[in-house]
1. In this structure, does PRO48 turn out to be over 23 Å from GLN220 (Cα atoms) and modelled with pLDDT of 95 or more?
2. So, of the residues in the stretch 171-197 that are within 16 Å of the ligand (Cβ to nearest atom) and closer than 23 Å to THR123 by Cβ, which turns out to be surrounded by the most Cβ atoms within 10 Å (Cβ to Cβ)?
3. Among the residues of the stretch 145-163, what is the count of those that are under 13 Å from ARG112 (Cα atoms), of a type in the set (Gly, Ala, Ser) and open to solvent by less than 50 Å² (accessible area, probe 1.4 Å)?
4. Step by step: first the residues of the stretch 101-111, then only those that are more than 14 Å from MET125 (Cβ to Cβ) and assigned to a helix (DSSP H, G or I), then the one that is nearest to the ligand (Cβ to nearest atom). Which residue is that?
5. Considering only the stretch 5-41, state which residues are open to solvent by less than 40 Å² (accessible area, probe 1.4 Å), assigned to a loop (DSSP other than H, G, I, E, B) and within 16 Å of the ligand (Cβ to nearest atom).
6. Mind listing just one residue for me: the one in the stretch 198-238 that is outside any loop (DSSP other than H, G, I, E, B) and within 9 Å of the ligand (Cβ to nearest atom) and, of those, most open to solvent (accessible area, probe 1.4 Å)?
7. Which residues, taken from the stretch 80-100, are part of a helix (DSSP H, G or I) and more than 16 Å from the ligand (Cβ to nearest atom)?
Amino acid sequence: MRTPIFAANWKLNHGPSDARAFLQRFLPQVPRFDDRTLAFFPPALTLPAVVEALRDRPEVLVGVQNVHSEPAGAYTGENAVAIARDAGARLVLVGHSERRHVFGESDEATGRKVRLALDAHLTPMLCVGETLAEREAGETESVVLRQLAAGLGAVTDAEVGQVLLAYEPVWAIGTGRTATPADASAIHTVLRTALRSRVGERGAGVPILYGGSVNRGNVQELLAAPEVDGVLVGGASLDADGWSAIVRTELSR
Ligand code: PEP
């Protein structure tokens, strides 16, 4: 059984003071779950404040939204995996659609970042997803499979189980348009089949989250869909009461 994951991607929202206030309100509303995992991806400058605020809640995971594709060196303004780990991150998003499509991150860079993350004892959450044009051209499967293969290109078969995946159709992120549970399930199944064909039963243990305009109204139905093992949420994770309602969603499977 894969434990469902509720992950909040705060993008450029919530500085340290806001994040402390958020957690002060959020934490008393949420029990220490044993049937689900919670994770926050705050901005890098906010991460230490979040780690500190979660000192007594070590079951809640914290991650960075991106790292540089080189482990160290003269890269002003970037974040290194080892520094992220030292600051308390346990997860890292790799290949989020905004990294790919706003900052031009290549498939090859995602592969390097996944490798660096594992080497630094960070769990990578590799994001894949097609644009609207790719979807309309019938290329969804080939795009996500290409992104999956590249992202896991430098990962050994034995390590595949240490990676988390997120399917985030680009056209659904921040747009209010959500994939139907059936659509999400279909692509998750494509990803699962690819994982199994690469590493056999070990591929069954990799959680595959869905992301793209998840909210209180659609989260339960999405999580009930076969192969949807969690949600990666931007906009609807920004309000403490709203996010607490989402993470307390009754799970129907
Ligand atoms: C995201 O940022 O990964 C995301 C899915 O955003 P939203 O929930 O706002 O679509």
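1. For PRO48, the condition - over 23 Å from GLN220 (Cα atoms) and modelled with pLDDT of 95 or more - is met.
2. Among those residues, the one meeting the criterion is ALA184.
3. The number of residues fulfilling the criteria is 3.
4. Narrowing the stretch 101-111 to residues more than 14 Å from MET125 (Cβ to Cβ): 101-109, 111.
Filter once more, keeping what is assigned to a helix (DSSP H, G or I): 101, 107-109, 111.
Working: HIS101: 12, ASP107: 18, GLU108: 22, ALA109: 18, GLY111: 20 Å.
Here the answer is HIS101.
5. Listed by number, the residues that qualify are TRP10, HIS14.
6. That would be GLY235.
7. Step one: filter the stretch 80-100 for residues part of a helix (DSSP H, G or I), giving 81-86, 97-100.
Within the stretch 80-100, VAL81, ALA82, ILE83, ALA84, ARG85, ASP86 qualify.
The values are calculated or read from the model by the stated rules, or taken from the named source; none is laboratory data. Values in this document were obtained by computation on a predicted structure and should not be read as measured data. Neighbour counts run over all protein chains shown; Cβ positions are idealised from the backbone, glycine included. Side chains are part of the model used for accessible areas, which takes the heavy atoms of the whole protein and leaves out ligands, DNA and RNA. Shrake-Rupley method; radii C 1.70, N 1.55, O 1.52, S 1.80 Å.
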